[in-house]
Every structure is written in C-alpha cells, then in structure tokens.
C-alpha cells in the first residue's frame, strides 16, 4: 500500500515528472544502444537469409566461432575453481597485505585490455625473461582471457562467503564431517549460484574479448583467430555482411547468457526465502 | 597446512597472472633510462592521444552519470511497461564484444549507414571523427553508474523522499536535498568505474575511429600503433601511463569502498 502522503503531490505533476525521467532513459538507451543493434541485425539479413547463412557457415567464421566458444569454456572452468579459491583466501584467511591483494583483484578491470595483452606478451612472449614463450598459440589466448575475466567469480563469490553463517559449518564439523565434506555438503551449495553467475559473466566477457587477445594470439585464421578478431578483419576488408552476421551470433550468445544469469538470480533468491 | 597451501596457490596465481607481467612492463619502459621514457610519452602523437582520451572521457562520463542516475530512478521507483526490457538492455554493453559495438555504430552513423549519409551531407561527420569515438565510449561504459546506484536506491527506500514531498518540497528539491546525498557514494563508485572503462576502451573505438595518428588516435590505440611499428619503448611507455591511471582507479575504488562501509 502506498502511503497517504503521495496524494499530497498533484497527480498530474507526478505523471509529468515520471514521464520526463522515463523519456530520458528510453531515449538515451535507444539512440546509443537499441538503434545501432537493430541496424546490425537488419544489415546481417539485408541480402537475404541465404546470404546470412553463407556468412555464418563460412569455414573461417565457423573455425573462429568454435575456437571462441571452446576457449571461453576452458577459461571459465579454470575461473570457477581459481576464483572461488581466491575469494576463500580473501575472506577466511588473514595475512599481511591482504587489503592490497583485495584491491589488486580489480586490476584487470581497471587496466586497458590492450595493455593487458602487451604485459602478458612481455612475460610470456618471444622476449620472455623466464624462457616461457606461448605467443601466437591457443595457450596465449587462454592466458589473456584468464587475465581479463579474473574479477568476475571472485567478486560474485566474495560477498556471499562473507555473509555465510559459520554456525552451519561448525555444526557439520562437530557432527564428525571432515573439512572436505563440510565444504562439499555445506559451503559449496551456498556458493553455487554465485559461482554460476560469476562464471556466466566471465563467459560472456570471453566470447567478445578483443583488446587483450589481438597482440598475443597472432590472429592466424583457423588456428588462433577468435570471433571478435574475425569480425574486425571482415570490417577492414569491407565484407560488412560477413562481419554483421557473425556479430549477430555473438549478440545472440550475449543475450542468452544475460537471460541465463537473470534466471539463476531468480532461482537463488527463491531458494533463499 | 592446507591453509598455507591454498594461500600460496592463490597468491602465486595472482602473481603470475597480474603482478609480474605488469611489473615487467614498467621495468622495460624504463630500460633505456628515464629520458627515453619521457621522450616517448611527450611525442606530439602521444600527447595528442592522451588529450583525446581525456577529452572523450570528459564528455562520456558526465553523460553516463546523468543518464545512470535517471535510469536507476526509473528502474527502482517506477513501474512502467517495458521495465524488464530496460533492465536487461542496460546490462547488454557488459556482455557485448566491443568490436560488435563499433560495427553497429558504423551501420547507423557511417557513410552508408542509416543516418550517416545525411549527417555527412549536413557537414557532421560521426564515424572516423570525435563524435563516433564518444558514442562508442558512452555505449561500452553505460551500465556502471546504473548498476552501482540501483542497489543503493533499493536499500534507502522512499520514506524520506515521501516525507520531503509532504513537507512541500518540489521533486527537484527532494532530488538535490534528499535522494542525491543518500546515493552519493554509489554514484561516486559508478563514476570511477565508468572513467576507468572510458579511458581504457580499445575495440569499439578502434573500429569507429579510423586510427589516424595525431588525429583520431586515443592512448590505447597509440599503444597498439607503437607496438605494430616496432617501437617497443613507445608502446611500453604509453602502457605505463595507462597503468598509472589504472592504479589510481584501484586506489579510488578502495577508498570509496571504505567510505561506503
């Protein structure tokens, strides 16, 4: 029930103000986001459905999309484990300099992607001071994507772990559960929705990543060329239909991931209550 | 024992992935001495790139801040048809490839785009010029203020706003005196994230800018161009400048988190 006080404002003025903020919001979103994306979708099918299918089934495009999905999947699996472990250390462990480490987690977010690629190339490229050279291989791609997606799982799991009631774990242990059993049966089920949504965000980010992979992956078609690099190449060589068609595939994947995350969040809140 | 092993593994992972590579680039940027570093970051192209990057951020960040506050208010305080759609569209830039963003903008504002031909004939060039780079930057950095302000607005509720309205304040007064002070840390945190994203954007700007050195080259594009021209010192030096901005961002985030808590 709305409080009586809201009647104090004349209804007409309230409506006018509501429509102003709504108008600004939808107008801005349309001009910046929706109209360009509509243009992209329409352009991809402008030459007919057959041309669209030709463009997305082009062998080089298929290879790029396949590589993108496989590498992203591998990266988020590593992230799920490493991210949860890092969040655990940041919440449950205590050591000197922990707050610095905590701040460092956001470095991949704050650092421009092209700089991320360049720094990884410096340590793991041809002039590596430690003699590890993975430049222009799939391993380099994985490394770059691990770098840029690091914060996602850590930052979604960390708050849940902070809120988690320690009593349950103590109860499990006093009933004779080992620490591994306690983690698997008590802690993990509570963290799972957070791990899942962090992983999904990282997956979406990996699918579209460009800046960090462009220097270190070598961009060889059929070997280390990911979808975003393929699209960039097609734009450069004026194959707009090809670029737009593969873009629409990435757009659809991003939308699917976002809707999936929404579903996970709704499911998690229902289980909370 | 297990605790130390886990700590060591986590810190080792962060060290190998983040700390050592960034440290190495800083080391290499100064390998030829401080003079070489200063010379590399004060070439006319580098200075222009830095200026352009700052200029774009100065337009994109305020625009997204104002929009972000309005949009968060609309999402939290209003019920309207298409509410769910607005809520999801706001997140889209987080999940979308920057190259796709660039291409979408070219298809609207480029010479053969929906409005591009007409705009160019009216003497207003968007693609391969500053307006396109600003649009691309606004697109990719759009969600951050919204996402930081929405939970704060939910938490504070609307009792104080209602009270202020009852006491005769106009909605403008209520916004400035009640709502904005209550959400200020959320807005500040969102502004820091937006700025970081705006300064660091590469893919979308790369597509829409044409990458003309000394004209449409931002700092990140300058890093790539220097690297491709085999000027490693130049690329590392510009990277160090961007890394310093990133460290400033981390400091601001840490301070704001402390302030919020």
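The values are calculated or read from the model by the stated rules, or taken from the named source; none is laboratory data. The structure presented is a predicted model; accordingly, all values stated were derived computationally and were not measured. No Cβ is skipped: glycine too gets one built from the backbone with ideal geometry, and neighbour counts run over all protein chains shown.
Scanning segment A:117-137 for residues that are more than 8 Å from chain B (Cβ to nearest Cβ) and not in a loop (DSSP other than H, G, I, E, B), which turns out surrounded by the most Cβ atoms within 10 Å (Cβ to Cβ)? The extreme case among them is A:117.
One residue is enough: does segment B:20-31 have a residue meeting the conditions within 10 Å of chain A (Cβ to nearest Cβ), buried (at least 21 other Cβ atoms within 10 Å of the Cβ), in contact (Cβ under 8 Å) with a residue 12 or more places away in the chain and within 17 Å of the chain's Cα centre (by Cα)? No, segment B:20-31 contains no residue that is within 10 Å of chain A (Cβ to nearest Cβ), buried (at least 21 other Cβ atoms within 10 Å of the Cβ), in contact (Cβ under 8 Å) with a residue 12 or more places away in the chain and within 17 Å of the chain's Cα centre (by Cα). Looking at the structure I just gave you, is residue B:226 assigned to a helix (DSSP H, G or I), in contact with a helix residue (DSSP H, G or I) (Cβ under 7 Å, 6 or more places away or on another chain) and surrounded by fewer than 21 Cβ atoms within 10 Å (Cβ to Cβ)? For residue B:226, the condition - assigned to a helix (DSSP H, G or I), in contact with a helix residue (DSSP H, G or I) (Cβ under 7 Å, 6 or more places away or on another chain) and surrounded by fewer than 21 Cβ atoms within 10 Å (Cβ to Cβ) - is not met.
Screening residue B:161 on (1) closer than 30 Å to residue B:33 by Cα; (2) touching a helix residue (DSSP H, G or I) at 6+ places or on another chain (Cβ under 9 Å) shows it passes everything except condition (1). Counting only residues that are more than 14 Å from residue B:144 (Cα to Cα) and either in a helix (DSSP H, G or I) or within 9 Å of chain A (Cβ to nearest Cβ) (or both), segment B:76-92 holds 9 of them.
The condition of being within 30 Å of residue B:76 (Cβ to Cβ), within 11 Å of chain A (Cβ to nearest Cβ) and either modelled with pLDDT under 95 or part of a helix (DSSP H, G or I) (or both) holds for only one of B:182, B:169, B:248, B:235, that being B:169. Exactly one residue out of A:92, A:155, A:166 is modelled with pLDDT of 90 or more and more than 25 Å from the chain's Cα centre (by Cα): that is A:92. Return the residues of segment B:112-138 that are in a loop (DSSP other than H, G, I, E, B) and either within 12 Å of chain A (Cβ to nearest Cβ) or surrounded by 21 or more Cβ atoms within 10 Å (Cβ to Cβ) (or both); say none if nothing qualifies. Passing the criteria: B:112, B:113, B:114, B:115, B:126, B:127. Can we say residue A:145 is more than 8 Å from chain B (Cβ to nearest Cβ), surrounded by 21 or more Cβ atoms within 10 Å (Cβ to Cβ) and either within 18 Å of residue A:201 (Cα to Cα) or under 21 Å from the mean Cα position of the chain (by Cα) (or both)? Yes; evaluated as a whole, the condition is true for this residue.
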